[in-house]
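Enquirer: Can you read through this structure? Questions will come right after.
Any read-out appearing in this document is the output of simple, stated calculations on the displayed coordinates, not a laboratory observation. Just so it is clear, the structure is predicted and the values come from calculations on it, not from any experiment. Positions of Cβ are generated from backbone atoms using ideal geometry, with glycine treated the same way; all protein chains shown enter the neighbour counts.
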Amino acid sequence: MSEDRIHARFHVQFSAGFDLDVGLDLPGHGVTVLFGRSGCGKTTVLRCLAGLHRAEGELRFGSEIWQDARTFIPTHQRPLAYVFQEPRLFPHLDVQENLLFGYRRIPETGRLVQPEDAIRLLGLESLLTHRPSQLSGGQQQRVAIARALLTSPRLLLMDEPLASLDLDSKAEILPYLERLRQTMQLPIVYVTHAPEEMTRLADHLVLLEAGKVRAAGPLNELLTRPELPLAHLNEAGAVMEATVVSHDTHYRLSQVSVPGGLLTVALCDQPPGRVTRVRILARDVSIALQPVRDSSIQNCLQARVVDISADRDESQVLVRLDLGGVCMLSRVTRRSADRLGLVEGMLVFAVVKAVALMR
């Protein structure tokens, strides 16, 4: 479905003075995250995509026109599913009956997802005879997501599905959402204001501010652009694809390949050849002029300085590094940058103190 790009322009004028005016060009596969502070318009955009809010504008899904000056396809005729903040399960039905409620309403020829596949994907095998009141918040939301998938949508919309969950429940469900991202070949538009969800799930990112699109593009590109606020968060860093290469069970370590070379991470359970993600925080990247030897730090990769920008803390700077065609950030003191003589285009070595494998 990669050819089914989503093109949209919506304008909404609210009585309180809030003006939503956005243009979107979204990929037809993977997870697009709408990210920004509360009140910036994320959920309104999602409701416009669903047809739940009739905004001025247009919406095209691939070659299909869902909305323009003469057309408005109502929500129930759009091939999409919507997952809300609350699971909204039928309390009088058990899990299996909840799952089959929408599935049975899809003609057999249109069923793209089978119950056993959704059950396995969301880990619901042991919960099928339970009523919603017997489930935790995270379990209920997993059922709601599986139920949405069983309507065989061509577009999945998710409106802060973890917002009402506690930290333990969020930690429980995030791996399932990552599995959903890796397994399902359909576009997902996901709303959140939580940086952890954004960095773990997004392939494409839309940064919203006060009803406008501040920036849009591949996740790591936006994370590492110094003119955007994401690069100046305390947790600022890079997220890049990595391929598992090998495991050292004696030292409990694994090696993964990234565009700039090899990184050593804590032992993972993913087989060699598996494509995964790594996250490297800017504060965990030091810069050296020579390869670092005789050190406890094991990861040192050659990189080129792209640019140097002022950080929120006036004692520090953000150094953007090109690591084999992928950018990463290093947060160092201004004094260190001056002492090393860092300038744009300079070849250096990125000394990575910590790498998080995002399973």
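Enquirer: Please compute the length gained on full extension between Glu209 and Ser257, using 0.36 nm multiplied by the number of residues separating them and subtracting their Cα-Cα distance.
Expert: 13.7 nm
Enquirer: Excluding Phe84 itself, what net charge comes from residues whose Cβ is under 15 Å from its Cβ, given Lys and Arg +1 and Asp and Glu -1?
Expert: In short, +2.
Enquirer: Same structure again: In straight Cα distance, which lysines are under 28 Å from Lys170, not counting same-chain residues fewer than 8 positions off?
Expert: Lys42, Lys353
Enquirer: Exposed loop GluC sites (Glu not before Pro) only (DSSP loop, at most 11 other Cβ atoms within 10 Å): please give the longest stretch of the chain free of them, not including the sites.
Expert: 4-226
Enquirer: Loop only per DSSP, at most 15 neighbouring Cβ atoms within 10 Å: give me the trypsin sites (Lys or Arg not before Pro) in region 65-167, ordered by residue number.
Expert: Loop-located and lightly packed - Arg70, Arg88, Arg104, Arg105, Arg111.
Enquirer: Another question about this same structure. What residues from region 75-99 fall in the zone where the backbone N is under 17 Å from a label point 7 Å along the Cα-to-C-beta line of Arg105?
Expert: Inside the label zone: 75-84, 87-94, 96-99.
Enquirer: Hey, what's the Kirkwood Rh for region 50-192 if you take every pair of different alpha carbons, in angstrom?
Expert: For region 50-192, the Kirkwood estimate is 16.0 Å.
Enquirer: Restricting to the chain, compute how many DSSP beta bridges are antiparallel as a %, nearest 5.
Expert: Within the chain, antiparallel bridges account for around 80 percent of the total.
Enquirer: Between Glu116 and Thr129, what is 0.36 nm times their sequence separation minus the Cα-Cα distance? Round to one decimal in nm.
Expert: Taking 0.36 nm per residue and subtracting the Cα distance, the gain is 3.2 nm.
Enquirer: Sticking with this one: With a cap of 16 neighbouring Cβ atoms within 10 Å, and only residues DSSP puts in a loop, list the trypsin sites (Lys or Arg not before Pro) found in region 182-289.
Expert: Passing sites in region 182-289 are Arg252, Arg274.
Enquirer: Using the alpha carbons of region 1-116, what is the convex hull volume per residue in cubic angstrom, as a whole number?
Expert: 155 Å³
Enquirer: At q = 0.10, 0.11, 0.19, 0.20 Å⁻¹, work out log10 I(q)/I(0) for region 204-359 with the Debye formula, treating every Cα as an identical point scatterer and leaving solvent out; two decimals please.
Expert: Ignoring solvent entirely, the Cα scatterers give -0.37, -0.44, -1.18, -1.27.
Enquirer: Still on this structure, please answer the following. For the chain, report the translational diffusion coefficient in µm²/s to the nearest whole number, using Stokes-Einstein at 20 °C, 1.002 mPa s, and a Kirkwood Rh over Cα pairs.
Expert: The estimated diffusion coefficient comes to 96 µm²/s.
Enquirer: Give me the orientation-averaged projected area of the Cα convex hull of region 295-340, in nm², one decimal.
Expert: For region 295-340, averaging the hull's shadow over all directions gives 3.9 nm².
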